[in-house]
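Worksheet for the structure shown next.
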Amino acid sequence: MCTADSLHKQYGTVDGMRLPPSMLIAVVCGLLPLSCGTVSVASDANNAPDANNLSDANNTSDANEVVNTLAALTLSAAAPLAPDFDSAILSYTVDVSFAISELRVTPTAEGPTATITVNNTVVDSGTASGLIVLDLGVNVISIAVNAAETYTISVNRGGAVLEQLAYGKASNTGINGQFDTNDQFGISVSLSGNTLAIGAPLEDSNAIGTDGNQNDDSALGSGAVYVFTRMGSTWTQQAYLKASNTGDNDEFGTSISLSGDTVAVGAPREDSNAKGVDGNQNDNSSSSSGAVYV
């Protein structure tokens, strides 16, 4: 039979520590089973939450959290985004030269499980997209994260060129009245880097070669080519080109091809009977046989 002393002895202390009165009363009142056997009482330390386990739970929650933003966004073209990239900013613009006809986009997600699409095609985080072909003017590229947040890049191809030469004229427009009314300046155009060549196949001057006299309109329809170069945002005419054998109605400048510092110019109605390269240009016995000048 359990006595008060036995209760104190058996239940009143655990590991040398006296039980609180509330627990002793519970035993006496039968709320806890009476037993003269050994009572095992879990310590507060054992019942306390494991701080390390809580930390692990928090880390697991963070790892699985869905994040719908990008950590970085870059283009293969050597042109900066405007404004500078910020995960909270969704819309960007970038200007590229006319010479850049395609590029790639590399998006990097902030979340480890994000699904990214570039123009509706899935792209792995941190890897480049497929080639995106650019039209002249504005091209909009869409980058979606988890189909929840969408970033856009408006790529303006050749915008600087179009802006600066939106309205360009020849250096000898209208000098001699009626003879300059049908030069057809701009019928052919070729751009290479920062150099632009423009043809005017019905220009009338009798000049020969480079930078001759533009003011003598005695060779009607002989044609000319004007070369412009860009420095920064400013375009300047650098050369005025005529055939080496300027003649009436040769239409020099009907076609142009420019690559670096080399330009090829077609004159489809040139009349010489020469053959091959650097033949006799002065025998005009083969009407409208045509020629190319490099």
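The values are calculated or read from the model by the stated rules, or taken from the named source; none is laboratory data. What you see is a predicted model, and the numbers here were worked out from it, not measured in a lab. Positions of Cβ are backbone-derived with ideal geometry, glycine not excepted, and every protein chain shown enters the neighbour counts. Note: accessible area is taken over every heavy atom of the protein model, side chains too, but ligands, DNA and RNA are not part of it. Shrake-Rupley method; radii C 1.70, N 1.55, O 1.52, S 1.80 Å.
Return yes when Ala147 is on the phi > 0 side of the Ramachandran plot and at pLDDT 90 or above and no when it is not.
yes
I'd like to know if the range 220-228 contains one or more residues that are open to solvent by less than 50 Å² (accessible area, probe 1.4 Å), assigned to a strand (DSSP E or B) and on the phi > 0 side of the Ramachandran plot.
Looking for residues that are open to solvent by less than 50 Å² (accessible area, probe 1.4 Å), assigned to a strand (DSSP E or B) and on the phi > 0 side of the Ramachandran plot, one finds at least one in the range 220-228, hence yes.
Restricting attention to the range 261-292, which residues are open to solvent by less than 40 Å² (accessible area, probe 1.4 Å) and either in a strand (DSSP E or B) or closer than 19 Å to Leu191 by Cα (or both)?
Val263, Ala264, Val265, Gly266, Ala267, Ala291
Being more than 25 Å from Ser259 (Cβ to Cβ), among the hydroxyl-bearing types (Ser, Thr, Tyr) and surrounded by fewer than 18 Cβ atoms within 10 Å (Cβ to Cβ) narrows it down to one residue among Ser129, Ser142, Ser101, Ser125; which is it?
Matching residue, one of Ser129, Ser142, Ser101, Ser125: Ser142.
If a residue must be part of a loop (DSSP other than H, G, I, E, B) and either of a type in the set (A, V, I, L, M, F, W, C) or out of contact with any strand residue (DSSP E or B) (no Cβ under 7 Å at 6 or more places or on another chain) (or both), how many such residues does the range 118-134 contain?
Residues meeting the conditions: 5.
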